[in-house]
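Remarks on the structure that follows.
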Amino acid sequence: MKAFEYAPPVGPLVVVHRDADLLLVDKPAGLLSVPGKAGEHADCLESRVKAEFGDALLVHRLDMDTSGLMVFALNKAAQRHLGLQFERRHMEKTYVAEVAGVVEGDVGEVDLPLIVDWPNRPLQKVCFETGKTALTRWQVIGRGHGQTRLRLFPKTGRSHQLRVHLREIGHPILGDRFYGDGAGPRLMLHSESLTLYHPSGGARVRFEAVCPF
């Protein structure tokens, strides 16, 4: 595993959408979603959001190395509503990734159960005996220079799911210091869109954050 020093990016908070219930922001790669245990890991997206929107409540997380959309609730009722959507898998998410190698076929899926690799936390691993169901669907959106650009559709939300699944099919995400060689400026994984039921009224709404790579 490639060693690193936490050096979160600087810059203003990028707000994608805000209303009475929802706040959607575009998290930069290299910034923790929530504070780490060490004092030097206090800077995170949650603290930056609360500095500007004091009533914002956490709903979910992204890996530190992943960029893209995160949704916060702006009241307790909205937080409960969104939390249930994640729990019941009513939230639809898409990601964009650049992976090593040329992926064969245009669409496919990876159905491999995952569990934490306890001696090597926070790494995850495939385990058919004790792992939890994990399903990722993928679609090729580009190929070239010995790599492939994919759109990913996770149907479950396991920790490091996309990263492990792509490594397991022989196409690790470029820049992955956990499951690849860690080469490059960043993990080439971006949370592109979130589709959810709005807490007020229940309308199905979709939000997007443009992929930066």
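Listed values, structure above:
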| quantity | calculated |
| --- | --- |
| Test set (1) part of a loop (DSSP other than H, G, I, E, B); (2) in contact with a Lys or Arg (Cβ under 9 Å, 6 or more places away or on another chain) - THR130 fails condition number | (2) |
| Which numbered condition HIS90 fails, given (1) in contact (Cβ under 8 Å) with a residue 24 or more places away in the chain; (2) more than 29 Å from LEU45 (Cβ to Cβ) | (2) |
| Selection from region 103-121 of residues that are in contact with a strand residue (DSSP E or B) (Cβ under 7 Å, 6 or more places away or on another chain), assigned to a loop (DSSP other than H, G, I, E, B) and touching a residue at least 24 places away in the same chain (Cβ under 8 Å) | VAL103, ASP106, LEU112 |
| Positions within region 29-46 being under 23 Å from SER193 (Cα atoms) and more than 18 Å from the chain's Cα centre (by Cα), in sequence order | none |
| Subset of region 50-63 [in contact (Cβ under 8 Å) with a residue 40 or more places away in the chain and among the aliphatic types (A, V, I, L, M)] | LEU62 |
| Residue that is nearest to VAL71 (Cα to Cα), among those in region 1-41 that are of a type in the set (Gly, Ala, Ser) and surrounded by 13 or more Cβ atoms within 10 Å (Cβ to Cβ) | SER33 |
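Any read-out appearing in this document is the output of simple, stated calculations on the displayed coordinates, not a laboratory observation. Quantities reported herein were computed from a predicted structural model and do not represent experimental measurements. Ideal geometry is used to build each Cβ from the backbone, glycine not excepted, and the neighbour counts take in all protein chains shown.
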